[in-house]
Amino acid sequence: MKQLLTIFYLLLAGFSAVAQDNTLLWKISGNGLKTESYLFGTLHMACSADFQIAEKVKGALAKAERIAFEVDLMKKENIALIQSHLKPAPHFFDGLDARKKQAVDSALLANGIPVTIFDQVSPSVVVSLITIKGFDCADVGDMRMMEVELAKLKEAQGKPIAELESVTFQMGLLDSLFSAEDLYTYFTGEVDAKAMTKDMVAAYFAEDLNKLEEIMFNAAYLSPEKQNQLLSIRNHNWLKRMPDMMADGACFFAVGAGHLLGRNGVIQLLRDEGYTLTPIKD
């Protein structure tokens, strides 16, 4: 169920083309900060066989006084809110051409998903299932979630967890961004989801941000307007909260890697506010 909050950051993120330092971990300093904070780009989930957390990330987490995620997926209230959002959307396919609907049905069946599933659960659940299948794990139940694993580390124990936005906002965003037409576009596109996901995971754990950017940019199928809603607008909203959070003490921010990069990415936006962002490569 927690995986419902991760799906769009894996396959739909697009970036502005900007040369990147190949690291997922950044130190934030300057602009009056008394203590350094850290920014870490996550891949929200991966197969257990691929999953790892670098020692440098654990070291930064140990220095932080608090942790900030996009949302806290372990919070009981959030889990309850997600549960309340699992109901089917009876009119999801209204307005979609019959030929396109047939193409979606065929693709669902090819992925081992019954077409009647939309009568049982929300579109978000269906997209989550499709995304998980793209990872092609040996055991689907053995997937690891980065934010959950970070919170389990000994370096995180006893530290408060803050949120950059709410679960209610994220669920509403998914509803507003994702349509039946988007589902058709995804299924009829030329992207090999399993191959792309495999390349994306490899690029992420190799910290090859330029390759990661290339993969995600080429795979993006949302309109520029929707991509702006998914990434840029949220990044700017987070920047309204992050300064006060850092002023209160060293904070370890962990957000989807797609949010770090580009001209409207969190790295550049923090620099625009006068902070110094230093790549941590070792």
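The values are calculated or read from the model by the stated rules, or taken from the named source; none is laboratory data. Remember, it's a predicted structure, so these values are computed and weren't measured experimentally. Neighbour counts run over all protein chains shown; Cβ positions are idealised from the backbone, glycine included.
Numbers at a glance
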item: Matching entry among V255, V266 (being of a type in the set (V, I, T) and out of contact with any His (no Cβ under 6 Å at 6 or more places or on another chain)); result: V255
item: Residue within the range 105-122 that is under 28 Å from R234 (Cα atoms), out of contact with any Phe, Trp or Tyr (no Cβ under 8 Å at 6 or more places or on another chain) and not in a loop (DSSP other than H, G, I, E, B) present; result: no
item: Selection within the range 53-76 - in contact (Cβ under 8 Å) with a residue 40 or more places away in the chain, over 23 Å from R234 (Cα atoms) and among the acidic types (D, E); result: E65
item: Which numbered condition I215 fails, given (1) closer than 30 Å to F92 by Cα; (2) modelled with pLDDT of 85 or more; (3) in a helix (DSSP H, G or I); result: (2)
item: First in the range 239-265 and more than 30 Å from I215 (Cα to Cα) and modelled with pLDDT of 95 or more, second anywhere and of a type in the set (D, E, K, R) and part of a loop (DSSP other than H, G, I, E, B), Cβ under 6 Å, 6 or more apart; result: G249/E65; A250/E65
item: Residues that are in a helix (DSSP H, G or I) and either β-branched (V, I, T) or surrounded by fewer than 18 Cβ atoms within 10 Å (Cβ to Cβ) (or both), drawn from the range 244-282; result: D244, M245, A247, V266, I267, Q268, R271, D272
item: Qualifying residue in the range 113-126 (condition: under 19 Å from the mean Cα position of the chain (by Cα) and either within 17 Å of L43 (Cβ to Cβ) or among the hydroxyl-bearing types (S, T, Y) (or both)); result: yes
item: Of the criteria (1) hydrophobic (A, V, I, L, M, F, W, C); (2) out of contact with any Lys or Arg (no Cβ under 6 Å at 6 or more places or on another chain); (3) not in a helix (DSSP H, G or I), which one I233 fails; result: (3)
item: Selection count where residues are part of a loop (DSSP other than H, G, I, E, B) and farther than 23 Å from K240 by Cα, scope the range 155-181; result: 4
item: L96, sole failed condition from (1) without any contact (Cβ under 8 Å) to a residue 24 or more places away in the chain; (2) assigned to a loop (DSSP other than H, G, I, E, B); result: (1)
item: Count - residues of the range 64-114 that are surrounded by 15 or more Cβ atoms within 10 Å (Cβ to Cβ), closer than 30 Å to E155 by Cα and of a type in the set (D, E, K, R); result: 3
item: Residues (surrounded by 14 or more Cβ atoms within 10 Å (Cβ to Cβ) and in a helix (DSSP H, G or I)) located in the range 189-209; result: A193, M196, T197, K198, D199, M200, V201, A202, A203, Y204, F205, L209
item: Verdict on L150 being modelled with pLDDT of 85 or more, crowded, with 18+ Cβ neighbours inside 10 Å and in contact with an Asp or Glu (Cβ under 7 Å, 6 or more places away or on another chain); result: no
item: Criterion: in contact (Cβ under 8 Å) with a residue 40 or more places away in the chain, acidic (D, E) and either more than 28 Å from E155 (Cβ to Cβ) or touching a helix residue (DSSP H, G or I) at 6+ places or on another chain (Cβ under 7 Å) (or both) - qualifying residue of D192, D282, D272, D199; result: D282
